[in-house]
Amino acid sequence: MTPDSVHLRSGEVSVLVDLRSGQPAVLHWGALLPETGLADLPLGLEPAVAHSALDEPGVLALVADRAAGHRGRPGLTGSRAGGQDFSPRLVLTDCRLEGPTAVVLTCADPAAGLELRSELRLAEGGLLRLRHELRNTGEDVYRLGELTCTLPLPARATELLDLTGRHCRERIPQRHPLARGAWVREARHGRTGHDATLLLTAGTPGFANRSGDVWSVHLGWSGDSTSWAERLPGGQGVLGASELLGPGEVELAPGQSYATPWLYAATSQRGLDGLGDAHHRWLRSRPGHPSALRPVVLNTWEAVYFDHDLDRLRELADVAAGVGVERFVLDDGWFLHRRDDTAGLGDWVVDPDVWPLGLAPLIDHVRALGMSFGLWVEPEMVNLDSELYRAHPEWVLRAAERLPPPWRHQQVLDLGHDGAFAHVLGQLDALLCDHPIDYLKWDQNRDLIDAGHHGAPAVRQQTLAVYRLLDELRARHPGVEIESCSSGGARVDFGILERTDRVWASDTNDALERQGIQRWTGLLLPPELVGAHVGPPRSHTTGRTQALPFRVATAMFGHLGVEWDVSRASAAEREGLAEGIATYKALRGLLHTGDVVHADHPDPAAALHGVVAADGSAAVFAFVQLTTSVGEVPDPARLPGLSPDRSYRVEPLAAGGSPSTSQRSGPPWLRAGGVVLPGRVLAEAGLAMPALHPEQALLLRLHQV
Ligand code: DGJ
């Protein structure tokens, strides 16, 4: 017998699905509710009936249903020839509970020939995963427009936060009220995009890092997508997201089905840090989550760009190993005819002109120094100036005979052709079989524009093919780690992260830009999944000059690496870098397993963030002076997330040197080398901070005493 409702509970979160109307509808998604005593909740929440309205108030079904009176953005669009079955009424036929945290619901409209299977899974940390699968049970083709995952928002969620961005400036937050109507973010890049919404968050007015009730959605998909928040005329709020399909992109033959990507939905009464926690805990609970200590990387890109020379790279490797680097990654420029970015993509064989002895001499050298070896690839792309294109000009994604507009001189290899897929899989497989490669930096450097396969829209097919390619390579080479890079941070999503081990958050290594980029990437990803490199003193992307301690303190809160020609660095710089790397190594166990916290610091010119060990026994914080402050001396830093009743010794931490200041004398506790205070006092009263120069950070180490 079908129950009246299903109540999923985990951590601080309840999801209550009402089944009485025959259409599953989420009545509550938010704070944990008691296990019992909810029988009258649907009655208690049933709204009044307005004049000039439906005689019976409709429900907001899991797939928002026009046949039941929903007048907002529809949950399902599609039809058969002549527009038939455009508005199905999907009614519950089966409810399968899988323990206290998961349910699979089946609904059908036999007359419309459609069946829908919806899965809701609530993870331990309260992250809800939701997806639908639609099957055509009819006798002719069903042309799908859109199948969305939606969740209700309470009336008090009146403010929105989402992210936008561009190359070298990813993850710019934008906030605004949720008025009546819809706020819709569409990603039409054929990749997740530099301007990805990442998380679309709604919350109570003024929600902040540590306060406010918040709800968010993220779509685990690396192709086109839509995310939106909507406030309906009746006052009902909705958060939703879906894959954005091209015309005719999904045509279901009888018996065929379409599955949405997973929607990841988080809610918290603790502000944005609560959302971060839910995502981080989910990712860290995956069996494939990187468990080993994240090795310090040196990436050659900003050190040598395309100028590959064995002796120079060997020298770079020597110095890298000397400062404590553990993984050496050879970036773009090693393959056939790749002397600049106009040629070579598609030919994944070592260039004999530049590497007459192959990569072996470099790899052997790197490994003899005790480092692992990584290699850059961009498997989804092709240059017109390549052996591959000359042999197979037909293997380019295109809508018609004409080629799509070039982007960085390149086109997209159409992986929908079996031959193209086999070519790139074969070359990558051979590379990994022939060389001891531990790591691939998997790049993707253009938007998909005018992307068709045999003239039909193909972003979905291409995205799935990329996933298949990654899955196949990982199955063949399970020990190889893969980084998801896309002109910096244009492919950061849970879909790609199912098959990669970290993301490259941005092409800017400017530490000031990185403070923001990493903070907002961190809403979704824990630090161990976010590549963060110490760049050269003068940033290649902004021209800013920054001191080493600030560059190190910034990279410390990610998966730390170096992207700098350290063979040309001064002895003092190398010494400072070695100290910074040693500090990172000492702390990475904590940084990559602890709870990430952000204070709501009153001074917009400064930021305070940190990581608190999961058992509360230790922590690392960074007090960051971004620009100059209005105040003569900084406001006290109130350290969040500590155990209130334990006492901690707080000490300054040197990493690459000490930050520079603008003060006659620093706070006495700092001059004394430390202070011991209870967690509650550190959180409420806080600690005096030094007056740092702009673009400086003070690192703090805390130990329970
Ligand atoms: C774009 C990446 O984001 C960079 O880090 C670098 O790998 C270049 N591509 C190489 O072409």
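Scanning the range 661-703 for residues that are charged (D, E, K, R) and surrounded by 15 or more Cβ atoms within 10 Å (Cβ to Cβ) yields 695, 701.
When 32, 54, 41 are screened for being modelled with pLDDT of 95 or more and of a type in the set (A, V, I, L, M, F, W, C), only 32 passes.
Residues that are touching a Leu at 6+ places or on another chain (Cβ under 8 Å) and in contact (Cβ under 8 Å) with a residue 40 or more places away in the chain within the range 65-93 comprise 65, 71, 72, 75, 76, 77, 78, 85, 90, 92, listed in sequence order.
Residue check: is residue 359 in contact with a strand residue (DSSP E or B) (Cβ under 8 Å, 6 or more places away or on another chain) and within 16 Å of the ligand (Cβ to nearest atom)? No.
Criterion first (closer than 30 Å to residue 333 by Cα and within 16 Å of the ligand (Cβ to nearest atom)) does residue 315 satisfy it? Taking the combined requirement at face value, the residue does not satisfy it.
Taking the numbered list (1) part of a loop (DSSP other than H, G, I, E, B); (2) in contact with a helix residue (DSSP H, G or I) (Cβ under 9 Å, 6 or more places away or on another chain); (3) within 16 Å of the ligand (Cβ to nearest atom) in turn, residue 491 passes all entries but (2). Using the structure shown, decide if residue 343 is in contact (Cβ under 8 Å) with a residue 24 or more places away in the chain, within 15 Å of the ligand (Cβ to nearest atom), hydrophobic (A, V, I, L, M, F, W, C) and out of contact with any helix residue (DSSP H, G or I) (no Cβ under 6 Å at 6 or more places or on another chain). It is true that residue 343 is in contact (Cβ under 8 Å) with a residue 24 or more places away in the chain, within 15 Å of the ligand (Cβ to nearest atom), hydrophobic (A, V, I, L, M, F, W, C) and out of contact with any helix residue (DSSP H, G or I) (no Cβ under 6 Å at 6 or more places or on another chain).
The condition of being farther than 21 Å from residue 546 by Cβ, more than 22 Å from the chain's Cα centre (by Cα) and away from the ligand (no atom under 16 Å from the Cβ) holds for only one of 630, 620, 611, that being 630.
Number of residues in the range 151-181 that are among the charged types (D, E, K, R) and surrounded by fewer than 20 Cβ atoms within 10 Å (Cβ to Cβ): the value is 5. When 298, 375 are checked against the criterion of being within 16 Å of the ligand (Cβ to nearest atom), more than 30 Å from residue 421 (Cβ to Cβ) and of a type in the set (A, V, I, L, M, F, W, C), 298 stands alone in meeting it. Candidates are the residues of the range 1-43 that are out of contact with any Gly (no Cβ under 9 Å at 6 or more places or on another chain) and of a type in the set (D, E, K, R); the one that is surrounded by the fewest Cβ atoms within 10 Å (Cβ to Cβ) is 40. Note on the range 462-480: residues that are farther than 23 Å from residue 328 by Cβ, in contact with an Asp or Glu (Cβ under 9 Å, 6 or more places away or on another chain) and not charged (D, E, K, R) total 6. If the condition is being under 27 Å from the mean Cα position of the chain (by Cα) and crowded, with 22+ Cβ neighbours inside 10 Å, then the range 65-78 contributes 75, 76.
Name the residue that is nearest to the ligand (Cβ to nearest atom), counting only residues in the range 468-488 that are assigned to a helix (DSSP H, G or I) and more than 17 Å from residue 191 (Cα to Cα). Here the residue is 473. Residues of the range 430-460 that are more than 16 Å from the ligand (Cβ to nearest atom), under 21 Å from residue 417 (Cβ atoms) and part of a loop (DSSP other than H, G, I, E, B): 448, 449, 450, 451, 454, 455, 458. Among residues of the range 538-556 that are over 27 Å from residue 592 (Cβ atoms), those with a Cβ under 7 angstrom from a residue that is surrounded by 24 or more Cβ atoms within 10 Å (Cβ to Cβ), sequence gap 6+ or separate chain, pair up as 542/510; 544/510. If I filter the range 393-416 down to residues being assigned to a loop (DSSP other than H, G, I, E, B) and more than 17 Å from residue 455 (Cα to Cα), which single residue comes out as nearest to the chain's Cα centre (by Cα)? Step by step, filter the range 393-416, then rank; the result is 408.
Search the range 381-392 for residues being without any contact (Cβ under 8 Å) to a residue 60 or more places away in the chain and part of a strand (DSSP E or B), and hand back the single one that is farthest from residue 411 (Cα to Cα). Checked the range 381-392; the qualifying residue farthest from residue 411 (Cα to Cα) is 385. Restricted to helices (runs of 4 or more DSSP H) entirely inside the range 250-367, those with at least 1 residues that are surrounded by fewer than 22 Cβ atoms within 10 Å (Cβ to Cβ), on the phi < 0 side of the Ramachandran plot and acidic (Asp, Glu) are 301-304, 310-323. The residue of the range 401-425 that is nearest to the ligand (Cβ to nearest atom), among those that are closer than 16 Å to residue 466 by Cβ and among the small types (Gly, Ala, Ser), is 420. Checked against the criterion of being of a type outside the set (Asp, Glu), in contact with a helix residue (DSSP H, G or I) (Cβ under 9 Å, 6 or more places away or on another chain) and within 12 Å of the ligand (Cβ to nearest atom), the candidates 354, 329, 349 yield just one match: 329.
Residues that are within 12 Å of residue 555 (Cα to Cα) and touching a residue at least 40 places away in the same chain (Cβ under 8 Å) within the range 517-531 comprise 517, 518, 519, 527, 528, 531, listed in sequence order. Of the numbered criteria (1) more than 23 Å from residue 197 (Cα to Cα); (2) in contact (Cβ under 8 Å) with a residue 40 or more places away in the chain; (3) basic (Lys, Arg), the one residue 460 fails is (1). Here is a check on your reading of the model: is residue 388 touching an Asp or Glu at 6+ places or on another chain (Cβ under 9 Å), more than 16 Å from the ligand (Cβ to nearest atom) and not hydroxyl-bearing (Ser, Thr, Tyr)? Criteria met by residue 388.
Looking at the structure I just gave you, is residue 241 within 18 Å of residue 279 (Cα to Cα), part of a loop (DSSP other than H, G, I, E, B) and not hydroxyl-bearing (Ser, Thr, Tyr)? For residue 241, the condition - within 18 Å of residue 279 (Cα to Cα), part of a loop (DSSP other than H, G, I, E, B) and not hydroxyl-bearing (Ser, Thr, Tyr) - is not met.
The values are calculated or read from the model by the stated rules, or taken from the named source; none is laboratory data. Everything quoted here is computed from the prediction, not taken from an experiment. Neighbour counts are summed over all protein chains in view; Cβ atoms, including those assigned to glycine, are modelled from backbone coordinates with ideal geometry.
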